[in-house]
Each structure stands twice: as C-alpha cells, then as structure tokens.
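The values are calculated or read from the model by the stated rules, or taken from the named source; none is laboratory data. This is a predicted model, so every value here is computed, not measured. Here the Cβ is made from the backbone with ideal geometry for all residues, glycine too, and neighbour counts use every protein chain on show. Surface areas here come from the heavy atoms of the whole protein model, side chains and all, with no ligands, DNA or RNA. Shrake-Rupley method; radii C 1.70, N 1.55, O 1.52, S 1.80 Å.
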Amino acid sequence: MDTIKEEIRRRCLAARRALAPEQVLEKSAAIYQHLQQLPLFQQASAVLTYVDSKDNEVQTRPLICELLQKATPVFVPISEKEGQLRWSQLHNYDDLVPSRFGILEPRPERRTFPPLPTDAVCLTPGIAFSPRGDRIGYGGGYFDRFLAHFSGKSIALAFDIQVTLLPPGAAHDIPLDLIQTETRLYTCPPKKVVSCSK
C-alpha cells in the first residue's frame, strides 16, 4: 500500500508542479470564491490556515490578507520538532518568514498562542485527496496529529487534478470534512470513518 500511496503522491505532485503560474492564480481565485460562499466558513469564529509556500499549493495569501483586514482571527501553523503543529495567531502577513522546510511561519518575536476557538475551521493542505476525504501529504503526519484532536471542521483546498481514488488510510489517518476545488465541493463522510493518509 505504501508503494501505491507513494506513486499517487509522486503523480499528483508532478501534475501540480506542472501548472503554469497563471493557472495557479486563476484556479486559486476560483477556490477562494467558492470557499467564501460556504456557511461553515462564513460562520467560523477563526480560521486556521496553512501558508502557501511551495510546489504550486493553492494560494492562501489573498485569503489571509482579506481575513486580517476584516479582523477575523487567523492562525498559522508552526512545525515543532516532535512532529506537532502549534498555531500562532497572525496579525500581519509581513510577520511571516521562511523557516525549516521552506515554510512561512511567524518570526519568533511575533508569535502568540491564544486558545483556539472550538468552532474554528482548519484549511488543510495536501498533495492528493479522494472524494471521501482521504488525504496524502508530504508524509510527516503533522496535520493528522493535529486533526485527531481538533474540535472544529477541516476544509481541504485542492485543484481538481489533486482529487483521485486513494487506498484506505492507516488507523492514525484523519479524514477531512470538506474538499473545495475550483469546480466543486466534496462533502466527506463523518470523521468516525477512518480513511485517509498522511
């Protein structure tokens, strides 16, 4: 199964990297427009979101900047050595700097860690997704560990080319609640259905 997952990861990552900059911009804008129409997103008291930084991820900077302008609490992840994510509230996009793995994180002196609202939404990255909420990331398991104890809802942002059939995940893998692409919304089974991947 690991061989199958690695092949899917390789294929979907190659397809995403092959997108032209204008395609990434156009498709990301469409995803953002759809996301804004979701009642779940509109009603969230805070947004936890990754910061796009590599391999043509769905862009989140326009969304983050708009949320900050609206004074919506925005939290971004910090990857800790124990394989855990810690979420720092972001007050200014310019507070972000490259860290290990090339991921943008708040500079140390600008990090704050207030409690996460229970009705927050988590915008979750990944390389490949299935319509039932399975996810393949880069393999570190950071988001799976966090989502296992997250009381809010998870929404993956993905391009259509990233949605495919995936093998059932391992017992520690946490399925997503929703997947939003540039053309459609996938509503996934409840989290008690164990299926997705790191």
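Overview of values
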{"quantity": "Solvent exposure ordering (accessible area, 1.4 Å, most first) of His149, His91", "calculated": "His149, His91"}
{"quantity": "Amide H partners (placed H, <5 Å) of Tyr50, local residues excluded", "calculated": "Leu123"}
{"quantity": "Rg ratio (alpha-carbon, reference 2.2 N^0.38 Å) - the chain", "calculated": "0.95"}
{"quantity": "Nearest-10 value in Å² for the accessible area of Ser151, using the 1.4 Å probe", "calculated": "80"}
{"quantity": "Per-residue SASA entry for Arg16, accessible area with 1.4 Å probe, Å² rounded to 10", "calculated": "10"}
{"quantity": "Amide proton proximity set for Glu105, modelled H, under 5 Å, gap of 5+", "calculated": "Val97, Ser99"}
{"quantity": "Theoretical gain in end-to-end length, Lys54 to Leu185 [0.36 nm per residue, Cα-Cα removed]", "calculated": "44.8 nm"}
{"quantity": "Accessible-area value, Asp119, 1.4 Å probe, nucleic acids and ligands omitted, Å²", "calculated": "80"}
{"quantity": "Distance in nm between pseudo-label sites at Ala20 and Gln42 (7 Å out along the Cβ direction from Cα)", "calculated": "3.5"}
{"quantity": "Exposure rank, largest accessible area first [Lys81, Lys54, Lys5, Lys153; 1.4 Å]", "calculated": "Lys81, Lys153, Lys54, Lys5"}
{"quantity": "Spatial separation of Cα centroids for the stretch 116-133 and the stretch 46-95, in angstrom", "calculated": "13"}
